[in-house]
Every structure is written in structure tokens, then in C-alpha cells.
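First the structure, in the form of C-alpha cells, and then the observations on it.
The values are calculated or read from the model by the stated rules, or taken from the named source; none is laboratory data. Given the structure is predicted, the values throughout are model-derived calculations rather than measurements. As a convention, Cβ positions derive from the backbone with ideal geometry for all residues, glycine included, and neighbour counts pool all protein chains shown.
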Amino acid sequence: MRISGLDPHSLTRIVVAVALLSHGAQTHAQQPAKPPVRQPDVIYVPTPPEVVASMLKVAKVGPGDIVYDLGSGDGRIVIAAVKDFGAARGTGIDIDPTRIQEATTNAKTAGVADRVRFLNQDLFETDFREATVVTLYLLPSLNLKLRPKLLAELKPGTRIVSHSFDMGDWKPEQSLEVQGRNVYFWTVPQPKP
């Protein structure tokens, strides 16, 4: 007997292959997140939506921008940059794979997964030279440690916005207070001759 042009033996092989693929997909989906690349430097504390909006507004994020969030957590900053401010693309970097999974799900839910990605990497080893805007919510010591990399690798004119913490003696061009929280803004300068 032949069903839809297939003999029973071929049909059985197809059914078995589909079952195996389905089982593999379910097993993969149920896998817990792998452990972080290394211990995170900070605990995850989400940036309030009003602060996110102020950070992106002070950086004048728009259609030509590529926004990188260093320590991206649940992805809210790069998602808002693309969805609410029209940035071309957004990339979140986080060392915690659980946060990467959460952010990826949030991007899909927000309908911006085609323009947003999340990388499970150490931000001190990540290449973010393509960024036109960099956002961060780290500790003061991490901002200071990161500052040489930002100044060496980012193009002049790249905008940097930090929630809560400054960068030592590199004075911000602008600082504001949003619901009791500080936001600092810098532009990467032209290199000195």
C-alpha cells in the first residue's frame, strides 16, 4: 500500500525522523542556562523605564544609531533604543547567560528581534567599535577600568551614557537627575595630535 506516493517503509522513516527532531528540540528548549563566562562584576539591578528613556534622549538616539548596552540585563535599553527611538540596531552584552535568554525573549515579545541581539560575553573583551551610542549601568570602579577601552576603540563622536556613576576625572558634558537617579553623558573626543 502507498500513502501520498510513499511506501510504508519510507513513511515510517519520516515519522521516526520527525519524532527524533521534535524530542531534540524539546530537550534543547528545557536545558538550563549555561554558567556565566566568569563571575559577574555587578549584581543585576534593572534601570527604571524613566531613566532608560532619559538616557536615550540625552544621547539623541535616532535612526542612524547602533546602540550597545554593556551589562544589558533584561535588554530593556537596546530594545527601547530600537523600538521607541528608532535606532538602526542594538546589541546587549552580558556575562550572565540567564540574562541573555531573558533579553532575547523580551526582544521577541517587543517585536524587535530582527534588529536586536544579545551576546553572552565579557564586556572587557568584546568588540563594540561599531557603536555610535554606548550605555552602561556599572560600578564606578568598572567605569574607570572600562574608560581606556572606550576612548581607545570608539570613534570620535560616539556618545556614552551612564546610569548612576561617572568616570572619575573625565567630566561629563551633561548630567541630569531623573527620579533621584543620576545620568551622565559624554562624547568620545577627537584624539590629541
Failed criterion for Thr109 (all others in (1) more than 19 Å from Val134 (Cα to Cα); (2) at pLDDT below 95; (3) of a type in the set (Ser, Thr, Tyr) hold): (2)
Total residues in segment 122-149, condition of a type outside the set (Gly, Ala, Ser), buried (at least 17 other Cβ atoms within 10 Å of the Cβ) and closer than 21 Å to Ala88 by Cα: 6
Matching residues in segment 33-74 - criterion: being in contact with a Gly (Cβ under 7 Å, 6 or more places away or on another chain), surrounded by 14 or more Cβ atoms within 10 Å (Cβ to Cβ) and either within 22 Å of Thr187 (Cα to Cα) or at pLDDT 95 or above (or both): Gly62, Val67, Asp69, Ser72
Filter pass, Lys83 being within 14 Å of Val52 (Cα to Cα) and surrounded by fewer than 19 Cβ atoms within 10 Å (Cβ to Cβ): yes
Pick from segment 151-173, criterion polar (S, T, N, Q) and assigned to a loop (DSSP other than H, G, I, E, B), ranking: surrounded by the fewest Cβ atoms within 10 Å (Cβ to Cβ): Ser164
From the options Leu176, Leu119, Leu146, residue that is assigned to a helix (DSSP H, G or I), modelled with pLDDT of 95 or more and at negative phi: Leu146
Qualifying residue in segment 133-141 (condition: over 17 Å from the mean Cα position of the chain (by Cα) and free of Cβ contacts under 8 Å to residues at least 40 places away in the same chain): yes
